[in-house]
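Trainee: Before anything else, here's the structure in question.
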Amino acid sequence: MASTDKGAQERVYIQAAEWLDKLSEGDLDNLSKHRFIKWLELDLQHRQVFERMLSTWHDPSLALASKKLRTERGHESLRDRGWGFSFWQWGASFACMAVIAVAAFQWHPLTSDEPAAIVLATDVNSDKETLLEDGSQVQMQSASEVVVAFSEQERRINLRKGQAYFAVAKNKQRPFIVKVGAASVTAVGTAFNIDRGHSQTDVTVYEGAVEVLGAIGQPSILLKAGERVRITQDQPGAIEQVNISNLVDWRSGWIEISRESLEFLVERLNRHSQKPIVFAEAGIGAQNVAGRFRLDDVEQALALLEKLHDLKIEHTPQEIRITRGSRSTNALPL
């Protein structure tokens, strides 16, 4: 375990040294700034190591990280530029780098000087549309929650749960960034929908294009109008083509599925149900279902499920229970 911890700490020093190297080359573009800040926010240790690098250069771990960078990167290193391997010998180059780094932190400081956050939430079976201060619109499905934190440099939103459609006002100087767990979707002026579930997130682009970024260190993908991607465990999957003109989405009050699990459907029906819908038996939620179901009429949707997929719906004062139907029960081996 100690060896694993040491290796993880070593990787943090290497990553921090890489960011220092990038900062030394000049101002970061907006996308690089976003990735840099995301790296800082991922773990408190990232910030601590980076701050320590800025405040002192007599750190042997930092020297080791720099040495590894020279070996692994395969291109001009800090030493090759004449800066010297020992960080305390950088002199004027260090001063230049410190100024650049401080400028980056002024853009997004490490202290609590964050833009004021606004929490938007919807109740069960209650959709909501909100006009944001930049002119963008967000339409939130029932039982959803987003946190809005805009600054002069970027427009940041955290989709904590549920589903939302974003119509983004164009502003190339202020990227519109929606975080979904460790993943993120970045746009400058477009329209897209994000459906965040318990185990996966679907991103669908209606207009323009967005950049989808998974876990730290993974390459981003460009998603264009008429395309959809599913993010699982913070990793985007294969891009799927969708017909936007014929797409039935939640804003119409319906959901249409063809190759999804019953668990997927029930999770979305629960956003509109006054009582929780639960599975009374293990394994029921894994079966595939298909059809078009009304989101604002859960009773009708459940009745259709019961009819089409040999299920039994039971109502109790506290919950709605889904069990296997008679045909499925009779088919079970003795």
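The values are calculated or read from the model by the stated rules, or taken from the named source; none is laboratory data. Values in this document were obtained by computation on a predicted structure and should not be read as measured data. When we count neighbours, we look across all protein chains shown, and the Cβ atoms used for this are built from the backbone with ideal geometry, even at glycine.
Trainee: Quickly run through region 165-182 and pick out the residues that are in a strand (DSSP E or B) and touching a helix residue (DSSP H, G or I) at 6+ places or on another chain (Cβ under 7 Å). Walk me through it before giving the result.
Mentor: Going through region 165-182, the residues in a strand (DSSP E or B) turn out to be 165-167, 176-180.
Result: 165, 177.
Trainee: While we're looking at this one, here's another question. When you look at residue 187, is it buried (at least 17 other Cβ atoms within 10 Å of the Cβ) and either touching a Gly at 6+ places or on another chain (Cβ under 9 Å) or not hydrophobic (A, V, I, L, M, F, W, C) (or both), yes or no?
Mentor: Numbers: buried (at least 17 other Cβ atoms within 10 Å of the Cβ): yes; either touching a Gly at 6+ places or on another chain (Cβ under 9 Å) or not hydrophobic (A, V, I, L, M, F, W, C) (or both): yes.
So residue 187 passes the test.
Trainee: Can residue 190 be described as in contact with an Asp or Glu (Cβ under 8 Å, 6 or more places away or on another chain), polar (S, T, N, Q), in contact (Cβ under 8 Å) with a residue 60 or more places away in the chain and in the same structural domain as residue 131 (by TED's automatic domain parsing)?
Mentor: For residue 190, the condition - in contact with an Asp or Glu (Cβ under 8 Å, 6 or more places away or on another chain), polar (S, T, N, Q), in contact (Cβ under 8 Å) with a residue 60 or more places away in the chain and in the same structural domain as residue 131 (by TED's automatic domain parsing) - is not met.
Trainee: Another one. Can you name the residue in region 171-206 that is at pLDDT 95 or above and charged (D, E, K, R) and, of all such residues, is farthest from residue 141 (Cα to Cα)?
Mentor: My answer is 202.
Trainee: Would you point out which residue out of 232, 316 is within 31 Å of the chain's Cα centre (by Cα) and hydroxyl-bearing (Ser, Thr, Tyr)? Steps first, please.
Mentor: Numbers: 316 fails: within 31 Å of the chain's Cα centre (by Cα).
Answer to the selection: 232.
The rows are residues; the columns are (1) of a type in the set (Gly, Ala, Ser); (2) assigned to a strand (DSSP E or B); (3) more than 24 Å from residue 29 (Cα to Cα); (4) not assigned by TED's automatic domain parsing to the domain that holds residue 43.
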{"position": "163", "(1), (2), (3), (4)": "no, yes, yes, yes"}
{"position": "184", "(1), (2), (3), (4)": "yes, yes, no, yes"}
{"position": "194", "(1), (2), (3), (4)": "no, yes, yes, yes"}
{"position": "212", "(1), (2), (3), (4)": "no, yes, no, yes"}
{"position": "219", "(1), (2), (3), (4)": "no, no, no, yes"}
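Trainee: Give 149, 238 a once-over and let me know the one that is assigned to a loop (DSSP other than H, G, I, E, B) and touching a strand residue (DSSP E or B) at 6+ places or on another chain (Cβ under 9 Å).
Mentor: Being assigned to a loop (DSSP other than H, G, I, E, B) and touching a strand residue (DSSP E or B) at 6+ places or on another chain (Cβ under 9 Å) holds for just one of 149, 238, which is 238.
Trainee: Checking residue 268 against (1) modelled with pLDDT of 95 or more; (2) over 20 Å from residue 158 (Cα atoms), only one condition comes out false. Which one?
Mentor: All conditions pass for residue 268, except number (2).
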